[in-house]
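Right, one structure below, let's go through it.
The values are calculated or read from the model by the stated rules, or taken from the named source; none is laboratory data. If you're wondering where the values come from, they're calculated on a predicted model, not measured in any experiment. In this analysis, Cβ positions are derived from the backbone assuming ideal geometry, glycine residues included, and neighbour counts consider all displayed protein chains.
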Amino acid sequence: MVSRWMYVSLVILYSFLLGPFVIIFMASFGANANLAFPPQGFTLDWFANVFETSQFVDSFWISLQLGLSSTIVSLVMGMPVAYALVRFQFSGSGMVETVFSAPILVPGLVMGFAMLNFFVLLGDMHVMTTLFIGHTAILFPYSVRVISASLRNLDPYVEDAAVSLGANRLRGFLLVVLPNMQAGIAAAFVLGFITSFNNVPVSLFLSGPGVTTLPVSMLSYLEYYFDPTIAALSTLLVIFTVVLVQTAERLLGVSQFV
Amino acid sequence: MPHLEIDDLTVSYEKDKPALARFSLDVGQGELVSLLGPSGCGKTTTLRSVAGFIQPDAGRIVIDGRDYTRLPPNQRDIGLVFQSYALFPHLTVFNNVAFGLRMRRAPRKVVHARVTYALRMVGLEAFADRRPAQLSGGQQQRVALARATVIEPQVLLLDEPLSNLDARLRVDMRQEIRRLQQQLGITTLYVTHDQVEAMSISDRVVVMNEGKIEQIGAPESIFAAPETVFVADFMGFDNHFSAAVESAQADKLTVNWGGVPIELHWHSKVGAPHRGARAEVFFRADNASLSAAADAKGLSGQVILHTFHGNEVRYLVETEVGEFGILQDSAGQRFENGAEVSVQAQTQKWIAIIE
């Protein structure tokens, strides 16, 4: 009996989770000029419209560049921090860990607003630069956490083993530790990229004239238009994300660290 | 000349509380010496100092006439086997074993030949292409052994290599380690907290406590003639009581055991005891016997518990001197709880320690 109730509640839960997406998905193929459900007719015009709207195409490229660059930089910075946190117990290491998780805990809007003020104080910076710094700051704690998790799975003595067999510390790290961090780094990359790509609150504050990320330009599009273009774009983004995550999972088995 | 010399090694993690205090040990070529003691006794500190992972505060480590004390760990000619095996999870068994040879830039053919030979020695040549995660614990430990010995190190160090294995496998692996060590004739330090393991595998055993050596000797002598109360406790003497010395000669000492005078072998670190000094007396459960109270002139007591152990029955007997555990052949006379018995001492295997 318990299992049946669990089954029923799971179905209800998932229909709430996935239902809206199913509606958006179906609406993106509808021929109505406004978002409507159930859709009438069938057309791919709205998908074509996504690619013809320069606002979306431009901001997609910005989001892509931003996502890749801030993810890579946050990984490069996060790796040594994660390594130090896992391998060494130093005074205040617990505090360092807490400080590094702060950006996850602070509400995005607060982060965005604080950063806006900060960059205004710093003076005339390029919008793309401020976006890049802002996103890197958000992603950094994710990098540290996910890479730490992958390092904790590795026997700390493998490094000593490599050294006792004749490798110096650096070679030991490169030949033994780094290869075993691959999956963790890939997981941090996928998680970081998706987090950056989807971020609204920080991007909202830091975007400027002509430089907007995709989610922000979707929001501003919605203020003026209510046609299924936005549904078509949402469908494309979901497919993009699912393909990205599935590929990473197939290749590297990243889900164990997220 | 000893192959491995450790002189006056001192290591302190905290001030004024040395983990290792003036530890000295000589190990001969091809000898296997165990460092035995409870956790925190300094045995692993000694091992990691020899490996070069701990820089001692004072003292010297010399291997084959070469001073190792300040040598970085990767330049020491040492094979190390870890409790957790520490195999490289991303490499195959073959590449794990080949790692040290490749670090030494051995030619491809040499690597192949020596790794294959090392894997055959531990019976794993069929597993060369597996990953460590596909092997059992015992197999992983064999790979770790092959990896540490294939480089033909001057000294092999084993840090509790069997603790992660189950009891039966431990006995097999212990024999296998000993066989391999003797075949290779490799000078070996073996760290363990298990006295049975230490005795069965070693040429000599070093019993350690609080960073100091309690006793060094052949397994037989450590087992039969502990020199300190700590060693006697650690080597599994079941029974212990304190008694006043009545008289002492060079080889015998007489104490009063609940009215029964008994003669014992003795050991003292403070010189010959005077009359009335306190002696700590130890004996194993199989070095005393029971008989019915009426027919003997031993120490009288009462059985308060008996437990069956197959070939033997273990009795807990309460006497005026204390409670003693005594093993009796289960085929012989049996006693119920509450039975009045007489305890006969087989004192040639008892030991008195004066500290």
- Flagged in region B:37-89 as aliphatic (A, V, I, L, M) and either farther than 19 Å from B:LEU9 by Cα or not assigned by TED's automatic domain parsing to the domain that holds B:VAL27 (or both), in numbering order, are B:LEU80, B:VAL81, B:ALA86, B:LEU87
- Item | Qualifying residue in region B:257-266 (condition: assigned by TED's automatic domain parsing to the domain that holds B:VAL321, crowded, with 16+ Cβ neighbours inside 10 Å and either at positive phi or out of contact with any strand residue (DSSP E or B) (no Cβ under 8 Å at 6 or more places or on another chain) (or both)) | yes
- Message: Being free of Cβ contacts under 8 Å to residues at least 40 places away in the same chain and not aliphatic (A, V, I, L, M): is that true of B:TYR85 here?
- Response: no
- Item | Residue that is modelled with the lowest pLDDT, among those in region B:8-34 that are within 21 Å of the chain's Cα centre (by Cα) and not hydrophobic (A, V, I, L, M, F, W, C) | B:ARG22
- Within region A:209-253, of all residues that are in contact with a Phe, Trp or Tyr (Cβ under 9 Å, 6 or more places away or on another chain) and outside any helix (DSSP H, G or I), the one modelled with the highest pLDDT is A:THR213
- Of the residues that make up region B:14-21, is at least one among the small types (Gly, Ala, Ser) and within 14 Å of another protein chain (Cβ to nearest Cβ)? no
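Here is a yes/no grid of residues against (1) more than 13 Å from chain B (Cβ to nearest Cβ); (2) modelled with pLDDT of 95 or more; (3) surrounded by 23 or more Cβ atoms within 10 Å (Cβ to Cβ); (4) touching a Lys or Arg at 6+ places or on another chain (Cβ under 8 Å):
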{"residue": "A:PHE140", "(1), (2), (3), (4)": "yes, no, no, no"}
{"residue": "A:ARG152", "(1), (2), (3), (4)": "yes, no, no, no"}
{"residue": "A:ALA161", "(1), (2), (3), (4)": "no, yes, yes, yes"}
{"residue": "A:LEU170", "(1), (2), (3), (4)": "no, no, no, no"}
- Query: Quick one: which helices (runs of 4 or more DSSP H) sit completely within region B:79-167 and have at least 1 residues that are crowded, with 16+ Cβ neighbours inside 10 Å, more than 12 Å from every other protein chain (Cβ to nearest Cβ) and of a type in the set (Lys, Arg)?
  - Reply: B:108-121, B:137-149
- Query: With respect to B:SER242, is the statement that it is free of Cβ contacts under 8 Å to residues at least 12 places away in the same chain and surrounded by fewer than 22 Cβ atoms within 10 Å (Cβ to Cβ) true?
  - Reply: no
- Query: What do you reckon, is A:VAL50 under 29 Å from A:SER196 (Cβ atoms), surrounded by 11 or more Cβ atoms within 10 Å (Cβ to Cβ) and free of Cβ contacts under 8 Å to residues at least 60 places away in the same chain?
  - Reply: no
- Note on the structure: Within region B:46-62, residues surrounded by 20 or more Cβ atoms within 10 Å (Cβ to Cβ), under 16 Å from B:LYS212 (Cα atoms) and either more than 14 Å from chain A (Cβ to nearest Cβ) or touching a His at 6+ places or on another chain (Cβ under 9 Å) (or both) come out as B:THR46, B:PRO56
- Note on the structure: Selection from region B:63-78 of residues surrounded by fewer than 24 Cβ atoms within 10 Å (Cβ to Cβ), assigned to a loop (DSSP other than H, G, I, E, B), more than 9 Å from chain A (Cβ to nearest Cβ) and not charged (D, E, K, R) yields B:GLY65, B:THR69, B:LEU71
- In this structure, does B:ILE304 turn out to be touching a residue at least 12 places away in the same chain (Cβ under 8 Å), under 24 Å from B:PHE230 (Cα atoms) and assigned to a strand (DSSP E or B)? no
- Of the residues that sit in region A:172-197 and are touching a residue at least 40 places away in the same chain (Cβ under 8 Å) and either part of a loop (DSSP other than H, G, I, E, B) or among the small types (Gly, Ala, Ser) (or both), which one is farthest from the other protein chains (Cβ to nearest Cβ)? A:SER196
- Task: Could you please give the count of residues in region B:336-353 that are surrounded by fewer than 19 Cβ atoms within 10 Å (Cβ to Cβ), in a loop (DSSP other than H, G, I, E, B) and not polar (S, T, N, Q)?
- Result: 3
- Task: Looking for whichever is over 22 Å from A:THR213 (Cβ atoms) and modelled with pLDDT of 80 or more here; the options are A:GLY41, A:GLY67. Which one fits?
- Result: A:GLY41
